[in-house]
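Working notes, structure below.
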Amino acid sequence: MQRQLIIESYPWETRLAILEEGRLVELHYEEKEDRVGNIYKARVKNVIPGLACAFVDLGYEKNAFLYKGDMRGVQAHIPIQDVLRRDNEILVQVKKEEIPGKGARVTTHLTLPGHYLVLLPFQNDVSISRKIKDTEVREELRSYLRSIKPRNIGLILRTAGAMASLQDLAVELDSLNALWHQITDLNQMMSAPALIYKDLDVIHKVLRDYIDGSTSGIVVNAPRLAEEIQEIVSEDGAAKGIKIKLEEAPMEKLGLEQEISRLTKPRVWLKSGGFLVIEETEAMTVIDVNSGKYTGKKELNETILKTNLEAAHEIPRQLRLRGIGGIILVDFIDMKDKSEGDEVLKVLGYELNKDKVHSRVLGLTRLGLVEMTRKKTRASLGTLLADECMACGGRGRTPQVKETSHKIMRTLYNLGDRNMKKIIVQVKPEVLNYLENEKKHLGLIKDHLGKEVIFKSNPALTEAFAIVSDQPQSR
C-alpha cells in the first residue's frame, strides 16, 4: 500500500489529508486551540450525583465534563460524591474535544503515546495490538516489555512496535517514562487550573503514527514546516525513501477540495451506480445501502451482492474520512444466502482493519442490520464543517460560517502573484461578521499578498463568496 500525506498549514488552522493508493481516506482539521491529549491539573467545580459526573475547571471559559466511568480506581458501587468534592485538584486528560453545546470530556486514565508504545501511568498490564497476529511474537514481546517496564506503569505495544528492535522499544520506554516524571513534578509545583502537558499537534501525531514503509511522500505548503518534517524524517530509519515536496495549495491542485466539499452531504455514490445514505444522529449513525442506478447484467442476487460488497469496501473509508464514531448501524440490501452475508461481513472487517481507530463488528440484529462501533476520537467533520439548518429545525445542514470564512481566507492566501493591487471580495452578512473578528489573520494574509483586501456584504449572494473586482497594478 502506498500512502501520501498532504499538509496545509495556515496561521489560523491546519488541514492534513491522508491518501492511500491515490484515494483520500482521512482528513484532519486542527485549530490552534485544540486540546485533545492535553493533561491538566483541574479544579472540581461541581459534583452531580444524579448524573454520576463532575464538572472541572481547566482554565477556560467552559468547564469540562468528567464521568465517573472515566475515573481511575473508582468502583461501580461507590457514589461519585464520596470520591470527589468541590475544589479538589485532580490530574485529567482531554479525551474528546469541545463541541457546540458540550464542553470537553476528560478522564483520569492518562495515556502517553509514542511511535511504538503507549505508556499508561498507575497501571501494570502489558497489552499487545490486536493487529499483531503471531502468537509467539506476541508472547515474546509481552515478556520482554514486562521485564523492562517500571512498577506501576502499564504499556500497550502498538502495531509498529512489532517491526522495532528491542533496543528501540527500550529507548522509547525510557523517553516516555522521563516525560511522565516531568508531568508528575509539574503537577506538584503548579496550582489548579493549569496546563501540565500539551500533546503533539495533528501534524506530529500523524507523523508519529504513519511514518513507516508504506508512506512514500509528504506534500507541504509551508517552507519552514517542510524543513522541520525533513529533519524528523531524516532521523527515523523507518522513514527512508519518503520524499518531501513543497507545493502551494496542494489540496486544490490535487483535486481534493471537491471531494472534501461532499463530506457533509449524506449521499455517497458507488462506482456501480448504487449509493450510500449516511445519517448522523445524536444517538448513532445509520447507513443505508441502495442499488440506485445499478441494475446488473444477470440475476437479482448478483446485483445485490455486488452492491453490498462495494458498499462494504466504501463504508470504512467514509467512517475514517468523516471522523464518525460511536454506535453505527448499516442496512445492507437483503441477501437470501447466508454465505453471501458472511462474505460481505468479511470484506467489511478487512477494510476496517486498515483503520488505526479501533472498531468492532458485532454482527446482525434480528432485523438484519449490521451492528458495529467505532471509537470516538474527534468531532465528526459534519459538526466541524456544517451548521444545523435554521429553516428546517436542524434536519438539514448548511455550510458552517467559520468554515466558509476559513475557505475564503485560504483562497486569498493562495492567490499568489496575480497582477492586482486591490482585491474586493463579496460575502454574505453573517460571514462578514465572522471575518471582522479575524483581523489578526486577515492582516497576515494582506502582508503575505502585499495587497489591499476589502470585504463587502452582499445578502443576495448565492455562492459562498465572490472576488468581484481587482484593479491591475500600473506598469
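The values are calculated or read from the model by the stated rules, or taken from the named source; none is laboratory data. A quick note: this is a predicted structure, and the numbers were derived from the prediction, not measured. With ideal geometry, Cβ positions are generated from the backbone for all residues, glycine too; neighbour counts draw on all protein chains shown.
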ask   = Condition test on GLY73, is it modelled with pLDDT under 90, of a type in the set (Gly, Ala, Ser) and surrounded by 15 or more Cβ atoms within 10 Å (Cβ to Cβ)?
value = no
query = Is segment 214-224 home to any residue that is among the basic types (Lys, Arg) and assigned by TED's automatic domain parsing to the domain that holds ILE333?
reply = no
message = Cβ-Cβ under 6 Å, sequence separation 6+ or interchain: first residue in segment 445-467 and assigned by TED's automatic domain parsing to the domain that holds MET409 and in a loop (DSSP other than H, G, I, E, B), partner surrounded by 10 or more Cβ atoms within 10 Å (Cβ to Cβ) and polar (S, T, N, Q). Which pairs?
response = ASN458/GLN426; LEU461/GLN426; ALA464/THR404
key: Unmet criterion (only one of (1) within 25 Å of ILE324 (Cα to Cα); (2) in a strand (DSSP E or B); (3) touching an Asp or Glu at 6+ places or on another chain (Cβ under 6 Å)) for LEU16   = (3)
Segment 1-37 - residue that is in contact with a strand residue (DSSP E or B) (Cβ under 6 Å, 6 or more places away or on another chain) and of a type in the set (S, T, N, Q) and, of those, surrounded by the fewest Cβ atoms within 10 Å (Cβ to Cβ) = GLN2
inquiry  = Checking ILE80 against (1) within 22 Å of the chain's Cα centre (by Cα); (2) crowded, with 17+ Cβ neighbours inside 10 Å; (3) more than 29 Å from ARG146 (Cβ to Cβ): exactly one of these is not met. Which one?
reply    = (1)
Only listed residue being in a loop (DSSP other than H, G, I, E, B) and touching a Lys or Arg at 6+ places or on another chain (Cβ under 9 Å), chosen from VAL47, VAL74 = VAL74
key: Test result for GLY154, of a type in the set (Gly, Ala, Ser), part of a loop (DSSP other than H, G, I, E, B), under 25 Å from GLN182 (Cα atoms) and not assigned by TED's automatic domain parsing to the domain that holds VAL357   = no
